[in-house]
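Notes follow once the structure below has been shown.
The values are calculated or read from the model by the stated rules, or taken from the named source; none is laboratory data. Bear in mind the structure is a predicted one, so any value in this text is a computation, not a measurement. Counting neighbours? That spans all protein chains shown, and the Cβs are built from the backbone with ideal geometry, glycine included. Side chains are part of the model used for accessible areas, which takes the heavy atoms of the whole protein and leaves out ligands, DNA and RNA. Shrake-Rupley method; radii C 1.70, N 1.55, O 1.52, S 1.80 Å.
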Amino acid sequence: MEKAGPRVRPSEALPLHIHTSKVQPKRRWKLVSALISLAVLFYWRDCLSRCLLSFSKVSSRRRETHSYTRNKAYIIEATNGAVASENEICSNIGVGTLKGGGNAVDAVISTTLCIGVVNMFSSGIGGGGFMTVRIPPSSPNTSSEVFNIDFREVAPALANTTMYKNDPAASLFGGLAVGVPGELRGLEEAHRRWGTLPWKQLVQPSVELARGWTMQTELSRRIHEEFFASLMLGNPDWRAIFAPNGRLLQAGETIRRTNLSRTLAMIAEEGPGALYKGPIANSLVKKVHSTGGILSHQDLEHYRVKVMPALQGTYRGRTVYTTHAPTSGPVLLHMLNLMEHYDALIEEGRTLENMHRYIEAMKFGFAARTKVCDPTFANDSTSIEEIPTKAYSDLVFPNITDDRTHAPEYYHPIFDMVDDHGTSHSSVVDKNGMAVALTSTVNMVFGSQVMDPETGIILNDQMDDFSTPGKPNIFGLYPSPFNYPEPGKRPLSSTTPTIIEHEDGSFYLAIGGSGGSRIFPAVFQVILNMDWGMDASAAIEYGRIHDQLYPLMADVDSVYSDEIIAGLREKGHNVTVSDINRIASVVQVVSKKGDNIYAASDSRKNGVAAGY
Ligand code: GLY
């Protein structure tokens, strides 16, 4: 029998400290110049519009004399189960699945399909991702089992190492940017192994939703951004959905994806295989070819997920299960391993020293990440395998200096890193302690910007997560030969869908996020925030710090105290203070303490969790 219903209360997010003097004119000019370079390089377009937006907010913030406006943040307390996704409709659909007798796997399937309908800018069946699934112990004498399903896109068979050499933008926009989609195969595999409700029942809510729903702020804001508005108004495939009367729809108006609804109805009836063979596949291949791509029928038919025991580590006595390479799970474990060396970290809390230390752990993490790639294609995978080990962190730790930070080469990065801004994460736990952390992505916002008008499927641009030989990236860094496109290879990912168990083996946390290279640093910081006593929502909402070696910048959210910022500058960090409201990374959490489940979705993307 169901216990009490969910109690929704405002987050305990800490009051925000305001700094009116953080963005100095000179520094701001430097950043604006950097942004102009981004534009010239025809890259990171979504980042550009967001950063500009963030600048205008910084200005107006200063005018508003000491007040920020944050989206509302909530924490959900529940006793049976909970879903934290980036969209309230989808969290509710997931909880509906739980209430209807489904387990966490069923719930994450219905939630993920829903995200692909309403937040199609983040993820969808034209994309791919990774999940970590915890199967609770079947009896008191056994332990849980935790698995990864890797449903990352792969490079088509006709891909080659130099395919973007003469046209780097082709890895981002158009048919050539499209990797073989894996999302439906991933959901199918999870359902086949652990699902309990009929597949059709899990797809049906999205079939109905796609027929028409009320557009929400996050989608509206994106399609009205200048760059995307021209796509939505100028391209008939997109215009039919987003500007059906010749003007862009707005929040509060009904949006219909009837083409996608038809596709989902076929997938509900025939199963996920319908995307990989038959009329849907024919239509996708035709569309990708007509937009310059190389995706073939064979690529779709030959796509396979990978299932394996999760990558396992420990942090302060808890067991951490995350995803293997090519995700950044090994890097997350490395950063946690480094922080574990500080015995007094928890008692000391958020001191200047500890902020500095976690930036240093992050910089070593980013250096380690330059070695990560699809291990199947690595000549020698030992350099990836050592990253999450305690022994490796023991070697690295003595190089963290408390008095100062260092130039990037000190951390021994080997090659460059890439960034992106689509992606969606959902965390679910059910009444039996089955839990799923699932991150799915079409890569950049609206993926490759190719939408097949027949099927309504938006195709990913995951090929941009590969490197291009001979072409330094946007920051002038050399590309990684570990991560060049090859037929059937999976590109490097920053995602880290992670599950953590308490010392006694019971479920503690399912966590993950979106936001390109900021994903694993954000997950890392939320884990630490919770150790510092914050509830799930406060831990998510708190300001973040990001340093990925290049550009030479510690990007600090605008809630840190003057003392911390001055102290970090003294230690040599090139601190830039940014508006906390910019969408840099977004985290979703479900956690359990005693008999209570707590769930929170990041307010930065207006997410709301649900529970029962
Ligand atoms: N495309 C986002 C990621 O996998 O890192």
Kindly rank 172-182, 554-564 from highest to lowest mean number of other beta carbons found within 10 Å of each residue.
172-182, 554-564
Roughly what would the spin-label model give for S381 and E269, points 7 Å off Cα along C-beta, in nm?
4.1
Mean-position separation - Cα centroids, segment 566-610 and segment 368-408, in angstrom
25
Accessible-area order (highest first, 1.4 angstrom probe) of the listed residues H334, H302, H324:
H302, H324, H334
On the formula 1/(1 + (r/R0)^6), with r taken between the Cβ atoms of L233 and E301 and R0 of 22 Å, the FRET efficiency rounded to 0.05 is 0.05
Using a 1.4 angstrom probe with every protein chain in place, what is the largest-first accessible-area order of K72, K165?
K72, K165
Across segment 578-588, in residue order, what do the Karplus-derived ³J(HN,Hα) couplings come to in whole Hz, using 6.51 cos²θ - 1.76 cosθ + 1.60 with θ = phi - 60° and x for Gly and Pro?
10, 4, 4, 7, 5, 8, 9, 8, 9, 10, 10
Which of K200/K287; K306/K390; K306/K363; K99/K200 have a Cα-Cα distance over 23 Å?
K200/K287; K306/K390; K306/K363
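Could you tell me the relative contact order of segment 305-412? Use alpha-carbon pairs under 8 Å, at least six residues apart, and round to a whole percent.
31
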Below 8 Å between Cα atoms, with a sequence gap of 6+, how large is the relative contact order for the chain in percent?
25
Solvent-accessible surface (1.4 angstrom probe) belonging to C373, in square angstrom, nearest 10:
0
By average Cβ neighbour count within 10 Å, what is the ranking of 525-531, 358-364, 303-309, 437-443 from highest down?
437-443, 358-364, 525-531, 303-309
Probe 1.4 Å, protein heavy atoms only - accessible area per residue of the chain in square angstrom
35
Shape call for segment 202-297 from the C-alpha gyration tensor, a ≥ b ≥ c root eigenvalues: rounded (a/c under 1.5), prolate (a/b greater than b/c) or oblate?
oblate
Using a/c under 1.5 as the rounded threshold, could you call the chain rounded, prolate or oblate? The axes a ≥ b ≥ c are square roots of the C-alpha gyration tensor eigenvalues, and prolate needs a/b larger than b/c, oblate otherwise.
rounded
Under 19 Å from the 7 Å Cα→Cβ point of T69, by amide nitrogen: which residues of segment 226-254?
226, 250-253
For a quick protection proxy, order the peptides 243-254, 195-206 by their average other-Cβ count within 10 Å, most packed first.
195-206, 243-254
Might you work out the accessible area of D237 for me, using a 1.4 Å probe with all protein chains in place, and round it to the nearest 10 Å²?
30
Kindly identify segment 187-254 as rounded, prolate or oblate by the Cα gyration tensor criterion: order the square roots of the eigenvalues as a ≥ b ≥ c, call it rounded if a/c is under 1.5, otherwise compare a/b with b/c, prolate if a/b is larger, else oblate.
prolate
Pop out the ³J(HN,Hα) list for segment 378-386 in order, Karplus 6.51 cos²θ - 1.76 cosθ + 1.60 with θ = phi - 60°, rounded to Hz; leave Gly and Pro as x.
7, 5, 9, 8, 5, 5, 7, 4, 6
Which percent of the accessible area of segment 175-251 is formed by carbon and sulfur heavy atoms (probe 1.4 angstrom)?
49
Estimated [θ] at 222 nm from DSSP helical runs (n ≥ 4, -39500 (n - 2.57)) normalised by residues in the chain, nearest 500:
-10500 deg cm²/dmol
